[in-house]
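Single-structure report; data block below.
The values are calculated or read from the model by the stated rules, or taken from the named source; none is laboratory data. Nothing here was measured: the structure is a model prediction, and the numbers come from that model. So basically every Cβ, Gly included, is an ideal-geometry build from the backbone, and we count neighbours across all protein chains shown. Each accessible area value is taken on the protein alone, full model and side chains, heavy atoms only, with ligands, DNA and RNA left out. Shrake-Rupley method; radii C 1.70, N 1.55, O 1.52, S 1.80 Å.
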Amino acid sequence: MTKDALFSRPQKPVPPFEFNASVVQVFDDMISRSVPCYRELICRQAQLAAHYYRSGTRIYDLGCSTGNLELAIGASMKEGDQSFTLIGVDNSEPMIRVCREHMEKLPQGAHIDLSCSDIREVEMSNASVVILNLTLQFIPPDDRRKLLSRIHRALVPGGILLLTEKTVHAHLGLSQMQQNFYYRLKAENGYSEMEISQKREALENVLIPETVESHLERLTRVGFKAVDIWLKWFNFASFIALKDAL
Ligand SMILES: Nc1ncnc2c1ncn2[C@@H]1O[C@H](C[S@+](CC[C@H]([NH3+])C(=O)[O-])CC(=O)[O-])[C@@H](O)[C@H]1O
Ligand SMILES: O=C(O)C(=O)Cc1ccccc1
């Protein structure tokens, strides 16, 4: 795994963050050192996907990156010896290229289609599971409700959305405390003050977090009947939203 040192040297100015070939090359190191509980997120969301998957339907992984969830879902399904159909979508061509290489490791029975597209444009239907794992935060806020509404419509009865996001808190003091603990985690994971500061600048207006309350309100408004927060770490939250209350 290539170590992420993309922000270790001074950049003047720091360019806006993008999922280009340089980021893809260090992505697995970057995300595992920058997202708290990342391995837990991958493992449990894969198990949840296997639990709720219905034969004859689809799983959509929106913002699939290098395919970590695809591989974990394959492993979880293998336990139940299920074949499944998964559509992975990402608009970064280098990401999809690496994801395609990783799909070679999937067990028999996995039917994976990868699409290099914008998730706001992708057609979705007959889904029992849709996953937005750290992706909605990169979608302009004005486009988020329409996307979530399309996801809700694409789900079959009993279908679920798994949504994980970086968040902010409505109370300024709590928000600052959460951010301080987050930057402490990054420092504990080996990032320098310069890397933390330059990454923050690069993500300004690129990664736009919202409050937990905003996510809950929007999920209910687009029609999800039951929502739970199954994991939370300071300024990161993972939601499971059920299309029906059953
Ligand atoms: N409009 C868009 N359309 C399609 N893809 C997009 C768009 N905007 C961003 N992306 C893609 O969304 C992904 C966000 S990373 C997801 C991690 C992954 N889910 C994982 O489980 O490892 C999260 C992170 O790096 O913090 C990147 O691959 C982008 O190219
Ligand atoms: O929010 C941050 O400071 C991050 O570093 C999150 C992140 C992780 C991986 C790619 C892009 C952003």
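Secondary-structure-derived ellipticity at 222 nm for the chain, considering helices only, amounts to -13000 deg cm²/dmol, per-run term -39500 (n - 2.57) for DSSP H runs with n ≥ 4. Charged side chains reduced to their Cβ positions (Lys and Arg at +1, Asp and Glu at -1) give the range 127-200 a dipole of some 260 debye around its Cα centre. Once all protein chains are placed together, residue 101 keeps about 110 Å² accessible to a 1.4 angstrom probe. For residue 153, the shell of other residues with beta-carbons less than 12 Å away shows a net charge of +2, using +1 for Lys and Arg and -1 for Asp and Glu.
For the set 243, 78, solvent exposure ranked by accessible area (probe 1.4 Å, protein chains only) runs largest to smallest as 78, 243. Atom-type composition of the exposed protein surface of the chain places 51 percent of the accessible area on carbon and sulfur (1.4 angstrom probe). Per residue, the convex hull spanned by the Cα atoms of the chain amounts to 122 cubic angstrom. Per residue, the chain exposes 49 Å² of solvent-accessible protein surface, assessed with a 1.4 angstrom probe and all protein chains in place.
The distance separating the Cα centre of the range 118-182 from that of the range 12-64 comes to 13 Å. Neighbours of residue 217 by Cβ distance under 11 Å: Lys/Arg scored +1, Asp/Glu scored -1, total +1. Since only 156, 172, 119 are under comparison, the one whose Cα sits farthest along the positive direction of the charge dipole of the range 96-200, derived from C-beta charges on Lys, Arg, Asp and Glu, is 172. In summary, the lysines within cross-link reach of residue 243, defined as a Cα separation below 21 angstrom excluding same-chain residues under 8 places away, comprise 146, 225. In a simple Cβ point-charge model (Lys, Arg +1; Asp, Glu -1; nothing else charged), the range 21-242 has a dipole of about 560 debye relative to its Cα centre. Heavy-atom accessible surface of residue 85, to the nearest 10 Å², is about 40 Å², with a 1.4 Å probe and all protein chains retained. Heavy-atom accessible area of residue 171 with all protein chains present, probe 1.4 Å, nearest 10 Å²? Approximately 110 Å² for this residue.
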